[in-house]
1. Pick from the range 298-347 the residues that are in a strand (DSSP E or B) and out of contact with any Gly (no Cβ under 9 Å at 6 or more places or on another chain): which of them is farthest from S276 (Cα to Cα)?
2. Give A64, A69 a once-over and let me know the one that is touching a Gly at 6+ places or on another chain (Cβ under 6 Å), surrounded by fewer than 23 Cβ atoms within 10 Å (Cβ to Cβ) and in the same structural domain as P112 (by TED's automatic domain parsing).
3. So is G222 small (G, A, S) and in a loop (DSSP other than H, G, I, E, B) or not?
4. Condition test on I92, is it aliphatic (A, V, I, L, M) and either modelled with pLDDT of 95 or more or not in a helix (DSSP H, G or I) (or both)?
5. Can you tell me how many residues within the range 134-157 are farther than 19 Å from Y56 by Cα and surrounded by fewer than 13 Cβ atoms within 10 Å (Cβ to Cβ)?
6. Counting only residues that are surrounded by 15 or more Cβ atoms within 10 Å (Cβ to Cβ) and farther than 27 Å from L346 by Cα, how many does the range 101-132 have?
7. Out of the range 71-88, which residues are part of a strand (DSSP E or B) and either closer than 28 Å to S336 by Cα or free of Cβ contacts under 8 Å to residues at least 24 places away in the same chain (or both)?
8. Of all residues in the range 240-252, which are crowded, with 21+ Cβ neighbours inside 10 Å and outside any strand (DSSP E or B)?
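The values are calculated or read from the model by the stated rules, or taken from the named source; none is laboratory data. All of these numbers come straight from a predicted model, not from anything done at the bench. Cβ coordinates were reconstructed from backbone atoms using ideal geometry, including for glycine residues, and neighbour counts include every protein chain displayed.
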Amino acid sequence: MTTPRETSLYKTLPLASDLKARRRYMIVDEPIVGNFRFGLLLEDLDIMAEQAALGYARSIHPDAKVVTAAIDNIIVRHVVDNDRDIRIDARINHVGRSSMVVGMRVEHTGDPATHIASCYFTMVARGGESAEESRVLPPLEYRDELEKHRAEKSMQEREQYRQQQAAQQEPPSREEYELLHQLHTAQDQPGFNGIKADSLVVESWERMYPEQEYVPHRIFGGYIIRRAYELSSMCAELIAPDRALIAAVNRINFFHPVRLGDKLHYTCRVVYTCDSFVCVEAGIERISRDRNSKALSNSCLFTFVNVDSTLQHQPVPGIYPTTYAEDARYLAAFRSHRAMVKHYDLI
């Protein structure tokens, strides 16, 4: 049987020595702190998770393919320095019937090393010509207590994530009802000049080409994640008066595969703000080439923090939902943010 250690992979981004690589990951051509394209890192993480999962799946089924099912919380622990090398480690921590939980760790190498972020990717093994058939996988063998601990932790994190997602579907509590009531009442007052949620939306369209094919007839999920993140960061700038840095990826869900020729409609909305934090939800709708099918392919929630030039937190204005749908998005982000700050220290 295979052990988790035997599934390990790592990759180094040589930002310290390779000027071409450093420039590729820069946001602007200026010497500012945190000048790093986090969207490209998300793409790298998806590739690494896919490679780790694919190696294990193909050791059992040579024709196997893998697809990303979900990405749990990614908490940014440290602002990225674009002149230091970055190491990405991937390891399968747990195997289900056909799913694999891949633990990811990102850090600056050196002495001392700096922990940037950790997260879990859920990958699913598929087979067949169109990668539609499930492939059953054997469990891993855990030979020491550390490997057992990592497996248990990955499942605990996954269960906590499921509970957070389930809690977001619950009806409002009395406290939450009062919060929404106050937001709506304020809009009825004479001279109201607050920022309404429907004014904080960014949209984009894109067609998927053969160049972006990854699994047969399907588009690489990491590319779609990157595009959603980049649009979300621009959306956050609509309300962040200073500079919006990524603080956390609350969730990224994959519902339907994106196929060659599909058109994608990205819609990013500021759905909640609190103190210096801005939550942006990104929905990605796929429309088939023949325009006969339409479905939500991905849903993401990102948390940004508004900072000044010295990375000190700065306040952002509150926003006001006006419709039932905006209330629901506001409440879901409110719950997600509250659950996250309860368990983690955000950047």
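1. Here is the first cut: in the range 298-347, the residues in a strand (DSSP E or B) are 298-307, 313, 319-320.
Filter again for out of contact with any Gly (no Cβ under 9 Å at 6 or more places or on another chain), leaving 301-306, 313.
Numbers: L301: 17, F302: 14, T303: 10, F304: 8, V305: 6, N306: 5, H313: 6 Å.
Ranking the candidates gives L301 first.
2. Every option except A64 fails the conditions.
3. Values: small (G, A, S): yes; in a loop (DSSP other than H, G, I, E, B): no.
Here the answer is no, as G222 does not meet what is asked.
4. Against the criterion (aliphatic (A, V, I, L, M) and either modelled with pLDDT of 95 or more or not in a helix (DSSP H, G or I) (or both)), I92 qualifies.
5. 5
6. Residues that pass the stated criteria total 5.
7. Of everything in the range 71-88, those that are part of a strand (DSSP E or B) and either closer than 28 Å to S336 by Cα or free of Cβ contacts under 8 Å to residues at least 24 places away in the same chain (or both) turn out to be I71, I74, I75, V76, I88.
8. Within the range 240-252, just A240 meets the criteria.
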